[in-house]
Amino acid sequence: MGFEKFGRRSFTAMTKTAKFVDLLAEGKVEGSACKKCGAKFFPPRADCAACFSKEMDWYDVPKKGTLETFTTAQYAPFGFEADPPYTMGVVNFGEGPKLFARLAKDIKIEDIKIGMDVTVRPLKYEDGQISFEIIKA
Amino acid sequence: MAKDVAVIGVGQTYFVRGYEGSIRELAFEAFREAAQDAGITQKNIGASIFCSAPEYDKQRSPAGVLAEYLGLIPQPTFYIETVCSSSSSGVKVAYSMIKAGLHDVVAVVGFQKMSEITSAESQERMGRGADIQWEAPFGTMMPAYYALYAQAYMAKNGLTLDDLMKVRVKAATYGQINERAVYRKGVKPEDFDPNNPEAKMAGPVASPLRVGDCCANADGASCVILANAEKAKAFSKKPVWIMGIGAASEAVNMAARPDFAKGLSVGYGAAAEAYKMAGVTAKDIKVAEVHDCFTIAEIMAYEGLGFAKPGDGKALIQAKETYKEGRIPVNVDGGLLSKGHPIGATGGSQIRTIVLQLRGEAGPMQVKDPDIGLVHNVGGVGLYGNVTIFGR
């Protein structure tokens, strides 16, 4: 499967990390970790910038994090017009890479606060696109 | 102060919505003004650099087309791109070429015709100025990215929507007296009243940012002509010297950003490098242009540049210290918020403002007798940052 199925709308057809989408379909949100030096990456990378290795493993992103920041967009760019309002945010897991995604639609906008406990889950859209989203922990 | 490379000519078009001409005609206007300002012709120019953000117009490889139209062939020409900071990056390259002795005089032309596409298309282009593989698929756009910084910064540092409004009011104060600004109207606090449906600045865009927190799209071009010391002294009565140049980059992905509450790291990094090279500190800067693509960006810039301590930028705008009469006047030409932000032209336009200030030729916007000025120009969401310090 190619990478065109990733996200609300993908702009990239092929990547060596396209397995990320298969893992989402299996219910897993995973980053990549270097087999040689152990460096962890999210979003995943095919190449380790720390030691130049191209041998990477997948690892489960942490289950618990807090919302470091967020914004609710009232307008959308071309191609996303049907979606607003939608909230995007950054999850801080305390250590290691952070994570950027939309927040689940079922969280009330007025309930979203910096520092709230959150976790991440895969998401399948009706049109078959596959993504992941931030939910309340 | 090292007097190796100087700005000898500056030009800028009116920043407008819907320029009635093509990109070559737009670029020509800025170049003609800069060449006439420098008192030179194309024969005196050894090379040209063209700067813009791609995909607003259809022209691929614009440098060749524009160089021909401007009469700058057969001299070498090429294109430089760092989105919103393209033309200050172009100036850095021109400085390097002159300092290396490759050319005596180099013209840097920034241009953008944003009105060729719709606002929604423009947001999509800008979203793709970030990470198209991992972030644009979520429907990202520039206001939302800066809003992520604003939300975290405001929560930590006690900055309020009222403080952001004050940045916009200041910008409009000077947009009104800058005849080349795209937004010439004044802005009053009541324009941000969320309870008044008629309030033109209050509408939410990406929380916490409102319509009035976002800069104005525009069509426009700028031109900066640089020369080595010998040519600068020969051509120019009032050369403005480049004292320091600093630049930095940051991870494109928000997941790799260290601290949203601190602001853009490139602001800090580029400033430190520029101050070191110039041998000056923030206290020596008498007038500055900062990249206020959003109101929050101006507050973060105050801190990155050392005009305020981290977290304390609000004090400057609250006390009106960044007004023309204040301790450190910032964006007294209207800034990106009111003068407008034709992406590739912006850095060159900021440089033009500082050059005119240091020459004492800024008209109604003139700050009292500044000797050192600074330009802070950011590309993308703090993806690229350039700080350039000028002295007379």
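Quick notes
- The residues of the stretch A:106-132 that are over 30 Å from B:Asp259 (Cβ atoms) and either polar (S, T, N, Q) or part of a loop (DSSP other than H, G, I, E, B) (or both), listed by number, are A:Tyr125, A:Glu126, A:Asp127, A:Gly128, A:Gln129.
- Qualifying residue in the stretch B:288-297 (condition: more than 24 Å from B:Ala27 (Cα to Cα) and acidic (Asp, Glu)): no
- Residues of the stretch A:1-45 that are surrounded by 15 or more Cβ atoms within 10 Å (Cβ to Cβ), in contact (Cβ under 8 Å) with a residue 60 or more places away in the chain and among the small types (Gly, Ala, Ser): A:Gly7, A:Ser10, A:Gly31.
- Residues in the stretch B:192-228 that are away from chain A (no Cβ under 14 Å) and over 30 Å from B:Gly18 (Cβ atoms) were compared, and the one that is modelled with the lowest pLDDT is B:Asn195.
- Single residue of B:Ala315, B:Ala288, B:Ala297 found to be outside any helix (DSSP H, G or I) and among the small types (Gly, Ala, Ser): B:Ala288
- Subset of the stretch A:82-93 that is more than 14 Å from A:Ile114 (Cα to Cα) and either outside any loop (DSSP other than H, G, I, E, B) or more than 7 Å from chain B (Cβ to nearest Cβ) (or both) - its residue that is modelled with the lowest pLDDT: A:Ala82
- Residue list for the stretch B:125-152, filter: under 17 Å from B:His341 (Cα atoms), at the interface with chain A (Cβ under 8 Å from one of its Cβ atoms) and touching a Gly at 6+ places or on another chain (Cβ under 6 Å): B:Met141
- One residue from A:Ala101, A:Ala76 being within 24 Å of B:Tyr149 (Cα to Cα), modelled with pLDDT of 95 or more, in contact with an Asp or Glu (Cβ under 8 Å, 6 or more places away or on another chain) and crowded, with 21+ Cβ neighbours inside 10 Å: A:Ala101
- Within the stretch B:77-106, residues that are over 19 Å from B:Thr41 (Cα atoms) reach partners that are part of a loop (DSSP other than H, G, I, E, B) and among the aliphatic types (A, V, I, L, M) with beta carbons closer than 6 Å, at six or more positions or on different chains, in the pairs B:Val83/B:Ala53.
- Qualifying residue in the stretch B:108-121 (condition: charged (D, E, K, R), more than 14 Å from chain A (Cβ to nearest Cβ) and assigned to a loop (DSSP other than H, G, I, E, B)): no
- The one condition from (1) within 14 Å of chain A (Cβ to nearest Cβ); (2) over 21 Å from the mean Cα position of the chain (by Cα); (3) within 26 Å of B:Gly347 (Cβ to Cβ) that B:Lys231 does not meet is (1).
- The requirement of being in a strand (DSSP E or B), more than 8 Å from chain B (Cβ to nearest Cβ) and at pLDDT 95 or above is not satisfied by A:Leu23.
- Condition met for B:Gly158 (within 14 Å of chain A (Cβ to nearest Cβ), free of Cβ contacts under 8 Å to residues at least 60 places away in the same chain and either in contact with a strand residue (DSSP E or B) (Cβ under 8 Å, 6 or more places away or on another chain) or under 14 Å from B:Ile299 (Cα atoms) (or both)): no
The values are calculated or read from the model by the stated rules, or taken from the named source; none is laboratory data. Since the structure is predicted, the reported quantities are computational estimates derived from the model, not experimental observations. Every residue, glycine as well, gets a Cβ built from its backbone with ideal geometry; the counts of neighbours run over all protein chains shown.
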